[in-house]
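All remarks here apply to the structure that follows.
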Amino acid sequence: MPSTIQKSAGLNKNLLILHLTVFIWGFTGILGKLIHITAIDLVWYRVLIAFSTLFLYFKFNKTAFKVDRGTLIKLALTGALVGGHWILFFASIKASTVSISLVCLSSITLFTAIFEPIFYKKKTSKLEVAAGLFIIIGIVLVFKFETHYTKGIIMGLASAVCASLFSILNSKHVQKLEAPIIAFYELLGAFCWISLFMLATGGFHNFTLPSNSDIGYLLILGTVCTSLAYVAGVSVMREFSAFKVALITNLEPVYGIIMSFLFFGEMKLMSTGFWIGAIIILSTIFLFPLAQKQIGKYRSR
C-alpha cells in the first residue's frame, strides 16, 4: 500500500511539473513576438544562452556530464530536430500570429500517435489516432478561414512534426541518461547545426545584434523558458509516454493564446473559423483522458 501511495504521489508531482513546464512554454510565443530579430537569429541566441547556462550549472555543482561518442552523436542529431522545431515555430509566429502558431503546434498529438508505435514497435492506438484526427479537423478549420496565413500555418505544422520526433526520441534517451545531460548535449547540438546552416547560407553576413530590450527577453527565453523548462520536460518522460506528454503539451495553446490576448489584443484578429477549430482542438485535449478511462473500465469488466 505505501509503495502504491508513493507511486501515485510521484505521478502527481511529475504531472504538476509537466503542466508548469507547458505554461512556461506558452510564454515563449509572447517572447518570440516581442524580440525584434529574425527567427533563426533568435533561436541561435536562445540555444547559446541555454546550453551555456547548463554548462555553468554543471561546473558550479561539480556534476560529471561526459558521455560516450555514440551517445553524443545520438543527442546531437536529436538536437537538429530541436533547432528545426524552434526555428519553424518562431518563423510561423512572425509569418502569422502567436495564436495560429500555437494552434498548429497542437497537431503534435496526431504525429506522436502515428510515430510512437513505429519507434516502439507496438500496436497503434485507435483512440490516440482518433484524438489526433479531431485535432487535425480543428487545424483544417483554422487553415480554411485563415488562408492569408498559409505560410505561417505550414511552418507551424512542420514545427509540430519536429517536436513530435524529438519528444519520442527523448522518451528513450531519458531511460539511460539524466535529463540535464540530455538537455545540454541536445541544445549544444542544436547550436552547432544552426551555426553550420548559417555558415552555409551566409546567415552570419546579415546577423542581427539584439537591442537592450531584446537581450533581456533573450535571457528569459534562454534560461527559464529553455534550459530550465527543457530539463523539466525531459525528466517527466520517465513516467509518461510521449503521447501523454504531447497531449498535455497541447495546453500550450491555451496558455499562449490567453497571454497573446493580454499582450497583443489578438482576439480581434481571429475569425469565427479560428474559434471553431480551436474549440475542437482544446475539447479533444480535455476529453481524451476521460474517454481513455471509460474504455479501460469497459475492458476490465
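Since every read-out is calculated from the coordinates, none of them should be taken as a lab result. Being a predicted model, the structure only gives us computed values, none of them experimental. Ideal geometry is used to build each Cβ from the backbone, glycine not excepted, and the neighbour counts take in all protein chains shown.
Summarising the label geometry, the points placed 7 Å from Cα in the beta-carbon direction at Phe263 and His19 lie 2.3 nm from one another. Subtracting the Cα-Cα distance of Arg238 and Phe286 from 0.36 nm times their residue separation leaves 15.0 nm of extension gain. Based on C-alpha pairs under 8 angstrom that are at least 6 apart in sequence, the chain has a relative contact order of 36 percent. Panel order for Asp68, Asp214, Asp41, by other beta carbons found within 10 Å of each beta carbon, from fewest to most: Asp68, Asp214, Asp41.
So what is the calculated 222 nm ellipticity per residue for the chain, using -39500 (n - 2.57) for each DSSP H run with n of 4 or more, over all residues, to the nearest 500 deg cm²/dmol? Dividing the helical sum by the residues of the chain leaves -27000 deg cm²/dmol. With neighbours defined as other Cβ atoms within 10 Å of a residue's Cβ, the residues Arg238, Arg69 order from fewest to most as Arg69, Arg238.
Too long at a 29 Å Cα-Cα cut-off: which of Lys66/Lys172; Lys13/Lys62; Lys74/Lys123; Lys33/Lys122; Lys62/Lys172; Lys74/Lys94? Those over the limit are Lys33/Lys122; Lys74/Lys94. Ala113 sits among other residues whose Cβ lies under 13 Å from its own Cβ, and their net charge, with Lys and Arg +1 and Asp and Glu -1, is +2. The slack in the chain from Tyr57 to Ile73, taken as 0.36 nm per residue of separation less the alpha-carbon distance, amounts to 3.5 nm.
By other beta-carbon atoms within 10 Å, ranking Leu34, Leu165, Leu221 with the fewest at the front produces Leu34, Leu165, Leu221. Screening the chain for whole DSSP H helices of 18 Å or more along their axis (Cα) with average Kyte-Doolittle hydropathy at least 1.0 returns 39-61, 69-95, 126-145, 179-201.
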